[in-house]
Amino acid sequence: MHRRSFVRLLAAAGWAKAAASLDVAAKQENQAPLPGTSRNLPGIPPLRVVSTYAPAAAPGMPGPYPGRVVSVKSDKCVDTATGRANDEVVREMMARGMRTLTGAGTTPDAWRRFFEPSDVVGIKVNCGGYPFCVSAYEIVADVVRQLTGIGVPVSRIYVYERFQSQLDEVDYAPHLPQGVQIVAAERANRNVDNGGYDPATYLEADLFGEEDTRSNMMRLVSRSLTKIINIPNMKDHGATGVTGCLKNIAYGSFSNVARTHQRGKSHTYSVVGTLAAVEPLRSRTVLQIMDGLRGVWHGGPFARTTRYVFYPRQILFGTDPVAIDRLLLDVIEEQRRAHGAISIWDRSPGSLKIDDTRARDADPNVNIIIREPGHVEYASTLGLGVYDRGRIKVQDITV
Amino acid sequence: MTALLLVVSLPCVYWTQGIETRATLEAAAIKRLCVAPERADSWRAAGFTVTPLSAAELASREALPSPGIAPRAGLASPTRSPWIVASGWRFTRHPGAKYVYDVPAGKAALAAAEAVAYGADAVLRIVPADVGILGGMLAFLEALPAVDLPTVSDVAIVDDGSSIAGEVMNLLARRNLLFQVVQAPSPRFPVNIRIGTPEYPREEAADPSGFALKIRGQLTDEQRTLRVYGSEVVICRLTADAGRARLHLVNYGGREIEGLRVRLRGIYGDGEAHVAGAGRLALQEQVVAAGATEFSVPRIATYAVIDLGTSR
């Protein structure tokens, strides 16, 4: 079988087992929402989570290092004239970052703090910013190299996204060893492939009167993976303000999420964090590696032009997605300020041209949706991490 | 539930071409035709089952729009808020009426499925290129097990004959809000719509989409007999009694859908899907919980019928 294959092909064998658990799921449907969800807060729609999965004793998010971020920078990691990354420098950044985060004496030991050979490891990449800002080949390849180095078989390593079309564009395969699985839940963003999603694990919410009120977790995540590594980019996002750890893992692991933002309004404030907190995604996402080799300060999550691309030339390491995204808010805001663009926090009607993507692409002072960068702070109320900048400890390393 | 008894009848293909096209029809296994009266004998002699249909009779039938997705700039997008052209609401409103489709290439099978899903008396005018695919659909429809069950409805609408009432029915159908047309409000329904009353002002109904959303809110999603997840372009018709159900699913989107999830209030036993183009398939991940039955349909291109058995 070609190693790029839909998750649906992996799912068939799991049906019988899964069906037995679905009754349990239904029994839990009317239980209370996740702690901290804002069912009764004004302006926030009721969100109902259905999952049979219990949290791990120590959930992966925020993990063992809440409020802690390691930032590894190198002026040599990317040639800003060509956009090409320096593989050797990136490897060194990765090694230093992981050792510093964990305090391990060697790089393999650092990885052993999170993974063991029996794990089935998912690598959640971000392909939405193709061609100029996606999870870097060099970072993804080094993650695979480190995993195999500590004994995880390549056949139990999955690079995943929601859409096969995006994975095909980015094409990680030539950069990875044979046998690594590269999988998606849907062929493309056309809302016709549901087989790659788990019907028993979902968020139910009526946000805009849409008929399909469920967002289901990928089967790969709920039924196959034991650990997940999240590799987002440093990007602006028209609906969420920024798209970092939380948005990448949440909206990249569930179906039917584009419904949360339309006609100028975004419900991402509460939905991003709520999805990230759904079990087993929360417990299994054990490592955050934010790829800041390249970034996008406007027009995100897309990067169809270099006009809004910039080069932070850094990689952030941690287990706390909120803390990393809190730093990302400042990174994107600073870039926008440097370019004279409106703040990601701007909510003024004068900046809003609803659904006018052409105007948004042409002018960084145009919003097509009122952004919700507050989604990062909201996620902290769900216990996903530390938002208070004063409580976030950043260790800076230069390579 | 209404006691409407379904008599499954296949739509008739109105064929204007000469007897020399016989082989084309036979290759498609189409054996029943509607033709102009003067051609009836020759087609009968060729072994076809023929219904003579004069031009006047054809013109007297209500013309239906071609089913599918229509682009509506500013109002709908193909993936998020698709604009569906469907006639199920017309069949529900006037079940005894006679209809005619005049469909462009690629739409014949969908039109046939739509008509059968609602038990409508419909004639199909098609382009010759669609003969093969229509023949396959008609063969599938003919082979469906006969099941006569009452139609299930959640809301009632008093039909004042107005175009606004029709458009409200259209939008109710598109949201899979199962409705029955009534002469007067009935206590059997939790929601009775009479347009022009203080609760349902005519001005409000002039925005049928918003109006349908209001009805959905009044009924509540929890109380809806039918929910569909995984697509916004599948319209359903449900028939059921205490222990059995038949659900018709018509996919207007033009793309095969995998793993459509359906929730039906009520407890049903194991079911199976009859899927046009794929035959009989087992339902996937069927569960019963909280007074409802849920299952996934493996795939649906244009049309599928789900039969659910006696409760366990």
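Which one of the conditions (1) within 12 Å of chain A (Cβ to nearest Cβ); (2) polar (S, T, N, Q); (3) touching a residue at least 40 places away in the same chain (Cβ under 8 Å) does B:S209 fail to meet, given that it meets all the rest?
Of (1) within 12 Å of chain A (Cβ to nearest Cβ); (2) polar (S, T, N, Q); (3) touching a residue at least 40 places away in the same chain (Cβ under 8 Å), only one is false for B:S209: (3).
Looking at the range A:343-365, which of its residues are more than 25 Å from the chain's Cα centre (by Cα) and either without any contact (Cβ under 8 Å) to a residue 40 or more places away in the chain or surrounded by 15 or more Cβ atoms within 10 Å (Cβ to Cβ) (or both)? Give the steps one after another, and end with the answer.
Looking only at the range A:343-365, we keep the residues that are more than 25 Å from the chain's Cα centre (by Cα), and these are A:348-354, A:356, A:358-359, A:362-363, A:365.
Once the filter is applied, which keeps residues that are more than 25 Å from the chain's Cα centre (by Cα) and either without any contact (Cβ under 8 Å) to a residue 40 or more places away in the chain or surrounded by 15 or more Cβ atoms within 10 Å (Cβ to Cβ) (or both), the range A:343-365 yields A:S348, A:P349, A:G350, A:S351, A:L352, A:K353, A:D356, A:R358, A:A359, A:A362, A:D363, A:N365.
Can you tell me which residues in the range B:93-117 are crowded, with 23+ Cβ neighbours inside 10 Å and of a type in the set (S, T, Y)?
B:Y101
Here's a check for you: in the range B:143-190, which residue that is assigned to a loop (DSSP other than H, G, I, E, B) and basic (K, R) is surrounded by the most Cβ atoms within 10 Å (Cβ to Cβ)?
Filtering the range B:143-190 for residues assigned to a loop (DSSP other than H, G, I, E, B) gives B:144-150, B:152-154, B:159-162, B:175-178, B:183-190.
Of the ones still in play, those that are also basic (K, R) are B:175, B:188.
Values: B:R175: 20, B:R188: 12.
The residue in question is B:R175.
Hey, could you check the range A:143-187 for residues that are of a type in the set (S, T, Y) and crowded, with 21+ Cβ neighbours inside 10 Å and say which is farthest from A:L287 (Cα to Cα)?
Initial filter on the range A:143-187 (of a type in the set (S, T, Y)): A:148, A:155, A:158, A:160, A:165, A:172.
Okay, now just the ones that are also crowded, with 21+ Cβ neighbours inside 10 Å, so A:158, A:160, A:172.
Numbers: A:Y158: 15, A:Y160: 15, A:Y172: 20 Å.
So, considering only residues that are of a type in the set (S, T, Y) and crowded, with 21+ Cβ neighbours inside 10 Å, the one farthest from A:L287 (Cα to Cα) is A:Y172.
Residue under question is A:A359, and the condition is that it be at pLDDT 95 or above, part of a helix (DSSP H, G or I) and under 17 Å from A:Q262 (Cα atoms); does it hold?
On the way: at pLDDT 95 or above: yes; part of a helix (DSSP H, G or I): yes; under 17 Å from A:Q262 (Cα atoms): yes.
Taking the combined requirement at face value, the residue satisfies it.
Which one of the conditions (1) surrounded by fewer than 23 Cβ atoms within 10 Å (Cβ to Cβ); (2) in contact (Cβ under 8 Å) with a residue 40 or more places away in the chain; (3) small (G, A, S) does B:A245 fail to meet, given that it meets all the rest?
(1)
Taking A:V221, is it over 25 Å from B:E285 (Cβ atoms), in contact (Cβ under 8 Å) with a residue 60 or more places away in the chain and away from chain B (no Cβ under 12 Å)?
Working: over 25 Å from B:E285 (Cβ atoms): no; in contact (Cβ under 8 Å) with a residue 60 or more places away in the chain: yes; away from chain B (no Cβ under 12 Å): yes.
Criteria not met by A:V221.
Checking B:E232 against (1) buried (at least 21 other Cβ atoms within 10 Å of the Cβ); (2) outside any loop (DSSP other than H, G, I, E, B); (3) within 14 Å of another protein chain (Cβ to nearest Cβ), which single condition isn't satisfied?
(2)
Of the conditions (1) among the polar types (S, T, N, Q); (2) farther than 21 Å from A:E211 by Cβ; (3) touching a helix residue (DSSP H, G or I) at 6+ places or on another chain (Cβ under 7 Å), B:T310 fails just one. Which one is it?
(3)
Exactly one condition in (1) over 15 Å from the mean Cα position of the chain (by Cα); (2) of a type in the set (A, V, I, L, M); (3) crowded, with 22+ Cβ neighbours inside 10 Å is false for A:V309; which is it?
(3)
Is it the case that A:V242 is closer than 25 Å to A:R307 by Cβ and either in contact (Cβ under 8 Å) with a residue 60 or more places away in the chain or not hydroxyl-bearing (S, T, Y) (or both)?
So A:V242 passes the test.
Inside the range A:223-265, can you point out the residues that are crowded, with 24+ Cβ neighbours inside 10 Å and polar (S, T, N, Q)?
A:N230, A:N233, A:T240, A:T243, A:N248, A:S253, A:S255, A:T260
For (1) away from chain A (no Cβ under 12 Å); (2) on the phi < 0 side of the Ramachandran plot; (3) of a type in the set (K, R); (4) in a strand (DSSP E or B), each residue gets a yes or a no:
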| site | (1), (2), (3), (4) |
| --- | --- |
| B:E199 | yes, yes, no, no |
| B:I215 | no, yes, no, no |
| B:A242 | yes, yes, no, no |
| B:E258 | no, yes, no, yes |
| B:L281 | yes, yes, no, yes |
| B:E285 | no, no, no, yes |
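What single numbered condition from (1) under 28 Å from B:T225 (Cα atoms); (2) buried (at least 17 other Cβ atoms within 10 Å of the Cβ) fails to hold for B:I126?
Here B:I126 clears every test but (1).
Kindly indicate whether any position in the range B:289-298 is under 30 Å from B:P71 (Cα atoms), of a type outside the set (S, T, N, Q), assigned to a strand (DSSP E or B) and within 13 Å of chain A (Cβ to nearest Cβ).
Filtering the range B:289-298 for residues under 30 Å from B:P71 (Cα atoms) gives B:296-298.
Those left that are additionally of a type outside the set (S, T, N, Q): B:297-298.
Remaining after also requiring assigned to a strand (DSSP E or B): B:297-298.
Subsequent filtering for residues that are within 13 Å of chain A (Cβ to nearest Cβ) retains B:297-298.
Within the range B:289-298, one or more residues are under 30 Å from B:P71 (Cα atoms), of a type outside the set (S, T, N, Q), assigned to a strand (DSSP E or B) and within 13 Å of chain A (Cβ to nearest Cβ).
The values are calculated or read from the model by the stated rules, or taken from the named source; none is laboratory data. Predicted, not measured: the structure shown is a model, and the values here were computed from it. Note: ideal-geometry Cβ built from the backbone for every residue, glycine included; neighbour counts use all protein chains shown.
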